[in-house]
Amino acid sequence: MCGIVGYIGHREAYPIVLKGLKRLEYRGYDSTGVAIIQDGDLQVHKKKGKVVELEEAVVGKNMHSTICIGHTRWATHGEPSDRNAHPHLSNNGRLAMLHNGIIENYAQIKQELTNKGYTFKSDTDTEVLLNFIQDIQDNNKSTLEEALRIALKRIVGAYCILLIDQDDPETIIAARKGSPLVIGIGKGEHFLASDASPIIEYTKEVLGNEKQTPFIQKLDMELAAIEKGGYEHFMLKEIFEQPDTIFDCLRGRLLHEQQQIVMAGVDNHIEALTKASRILIVACGTSWHAGLVAEYMIEELCRIPVEVEYASEFRYRNPVIHAGDVIIAISQSGETADTLVALESAKEKGAFIFGVVNAVGSSIARLSHAGAYTHAGPEIGVASTKAFTGQLAVLTMMALKMAKAKGSISDERYSHLVNELASVPKKVKEILADTSKIESIAQQYKGASDFLYLGRGYNFPIALEGALKLKEITYIHAEGYPAAEMKHGPIALVDENLPVVFVATKDMYYDKVVSNIQEIKARKGQVIAVATLGDTVLPTMSDNIMFVPDIDEVIAPLLSVIPLQLLSYYVGTYKGIDVDKPRNLAKSVTVE
């Protein structure tokens, strides 16, 4: 979950690494640090807080060097502090190392090293591993690379490591297992980073790895994709990019005029998908909500039983998996640790793995038998927006294609849904054309301490997603429930101070949701509704209303989530929160 950057070559290394760390702050931002080698002297500078605080702390210091490694942290072992920030120094002061991941057996190794007289300045597992490497090197008279290899054979856990030695200013040693690392290749220089965003300014050639055989590949990414482009925050930019990102996801796949859907990952494995006795969807967080929407779609359209599992629970509870079961893994980063481990276990048991990810070449993409990319582009804001709608678009196309192949949907219904899906980018653009009403609602409720989000059918997962977004970037407590469950407990919370958000677009549940709204109003609750444009009933019952264009209920989540993203964004900004970097969160959860 931490961000890692390294540079070695002929340029000034520190400015390159510093800029890269700023681009990786979405991965962690509670502390940051760099290490350089200057005239044989190893220097480490680190600071609690964001990258800009480190930048200010080293003003006036001599940072000239052609080798530098840097780290921005999401804390696992040890609280955010100067001493727990990476990089760490070995006891002999010769080695500096930074690390993304978790060393699960660090406590045992730490005790062994303590018994040998080693001391520790931090509470981190990283410093333990570094001193373990020093101990192996000292005792075996081995090279640093050999010592690292020996140490990693003993280590249990996931990691991406960058390691430098003050006596070798022309080498950065890197190692990874289960955590991402991109290696960029320039002319007489190399760049290392947790993802491609720090690299693309300098090179588009990166080192790939297929079955341990390295090769050079081209990055398909533009620098503009990771810049704010005039928006105040990345999150707002990414919300407003959704007409384009959804279109990009559909482009070349949804052939509207031909009424066809072309998805190679589905086409090439259609029998495995349509003849599955059940489908298990495995995901975490926002991706889990996309999975819930897919459960409704696949069961309705394809008539195949679907279960949606939290990857973190699925991997530990020894689930029953049979050969021929289909596992759909959904992950924005493609590196989600819990999802990866769950897939490895299911694959060993003979399940067919289908990945839905945004990051090309990611671990989940490589592990899957087949899959589909969302083509949402880099998402820098920690709270997922465009990656979520990209996932919904892919899953909708997948469900429609399977239903068509299986014969479980009529030609008329299929054609209607294809047309509706094709209209989504234009309709999202309509929602975004005027957000002033949503901004006004956010200002009105920015002081609330709690929110309740309710929805039925396809809109229930969107209620969950809306509540999650609010929690993530406003720090307001929010709960999502099926609207029918309100009477089974949550209605006890309702009073004149509680905002209740209903996702209440026109669908088969509409009349029932209207009844639920009346129950809230009878108890003086504040009702905020997401409604279909042209609805004349809900405006008379709601304190505030956010409209979306009319669309079929199967496709509606792609529209109804947009106002909820904006509501959370505006509440967060009115509260003065950095919505791109909410506290305690990181973008890519690469630890369990």
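Values as computed for the structure displayed
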item: Only one of L292, L273 that is out of contact with any Ser or Thr (no Cβ under 9 Å at 6 or more places or on another chain), surrounded by 23 or more Cβ atoms within 10 Å (Cβ to Cβ) and not in a strand (DSSP E or B); result: L273
item: The stretch 58-85, residues that are assigned to a strand (DSSP E or B) and of a type outside the set (K, R); result: I67, C68, I69, G70, H71, T72
item: Filter pass, G33 being closer than 19 Å to N84 by Cα, buried (at least 19 other Cβ atoms within 10 Å of the Cβ) and of a type outside the set (A, V, I, L, M); result: yes
item: Qualifying residue in the stretch 105-119 (condition: closer than 26 Å to P169 by Cβ and part of a helix (DSSP H, G or I)); result: no
item: Condition check for E479: without any contact (Cβ under 8 Å) to a residue 60 or more places away in the chain and either in contact with a strand residue (DSSP E or B) (Cβ under 7 Å, 6 or more places away or on another chain) or in the same structural domain as V293 (by TED's automatic domain parsing) (or both); result: yes
item: Condition check for E55: among the acidic types (D, E), farther than 21 Å from I173 by Cβ and in a helix (DSSP H, G or I); result: yes
item: Strands (runs of 3 or more DSSP E) (entirely within the stretch 144-202) containing at least 2 residues that are touching a helix residue (DSSP H, G or I) at 6+ places or on another chain (Cβ under 9 Å) and buried (at least 22 other Cβ atoms within 10 Å of the Cβ); result: 157-165, 190-193
item: Matching residues, the stretch 525-539, being among the hydrophobic types (A, V, I, L, M, F, W, C) and either outside the structural domain of H488 (by TED's automatic domain parsing) or touching a helix residue (DSSP H, G or I) at 6+ places or on another chain (Cβ under 8 Å) (or both); result: V527, I528, A529, V530, A531, V537, L538
item: Count - residues of the stretch 43-68 that are within 15 Å of G6 (Cα to Cα), among the aliphatic types (A, V, I, L, M) and out of contact with any Phe, Trp or Tyr (no Cβ under 8 Å at 6 or more places or on another chain); result: 1
item: The one condition in (1) in a helix (DSSP H, G or I); (2) surrounded by fewer than 20 Cβ atoms within 10 Å (Cβ to Cβ); (3) among the acidic types (D, E) that E496 fails to fulfil; result: (1)
item: Residue satisfying all of: in the stretch 418-461; in a helix (DSSP H, G or I) and of a type in the set (S, T, Y); farthest from H488 (Cα to Cα) among these; result: S436
item: Residue list for the stretch 115-143, restricted to those being surrounded by fewer than 23 Cβ atoms within 10 Å (Cβ to Cβ) and hydrophobic (A, V, I, L, M, F, W, C); result: F120, I136
item: Selection count where residues are closer than 16 Å to D338 by Cα and not polar (S, T, N, Q), scope the stretch 268-288; result: 7
item: Test: V500 is of a type outside the set (S, T, Y), modelled with pLDDT of 90 or more and more than 20 Å from D550 (Cβ to Cβ); result: yes
item: Test: residue in the stretch 457-476 that is surrounded by 19 or more Cβ atoms within 10 Å (Cβ to Cβ), on the phi > 0 side of the Ramachandran plot, touching a residue at least 12 places away in the same chain (Cβ under 8 Å) and within 29 Å of the chain's Cα centre (by Cα); result: yes
item: Of residues in the stretch 408-445 being charged (D, E, K, R) and under 26 Å from the mean Cα position of the chain (by Cα), the one nearest to P549 (Cα to Cα); result: K427
item: V514 being of a type outside the set (D, E, K, R), at pLDDT below 95, assigned by TED's automatic domain parsing to the domain that holds L464 and not in a helix (DSSP H, G or I); result: no
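Table: residues versus (1) at pLDDT 95 or above; (2) hydroxyl-bearing (S, T, Y); (3) outside the structural domain of V357 (by TED's automatic domain parsing); (4) surrounded by fewer than 18 Cβ atoms within 10 Å (Cβ to Cβ).
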residue	(1), (2), (3), (4)
R523	no, no, yes, yes
D550	yes, no, yes, yes
P563	yes, no, yes, no
G572	yes, no, yes, no
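The values are calculated or read from the model by the stated rules, or taken from the named source; none is laboratory data. Quick caveat: nothing in here was measured; it's all calculated off a predicted structure. Positions of Cβ are generated from backbone atoms using ideal geometry, with glycine treated the same way; all protein chains shown enter the neighbour counts.
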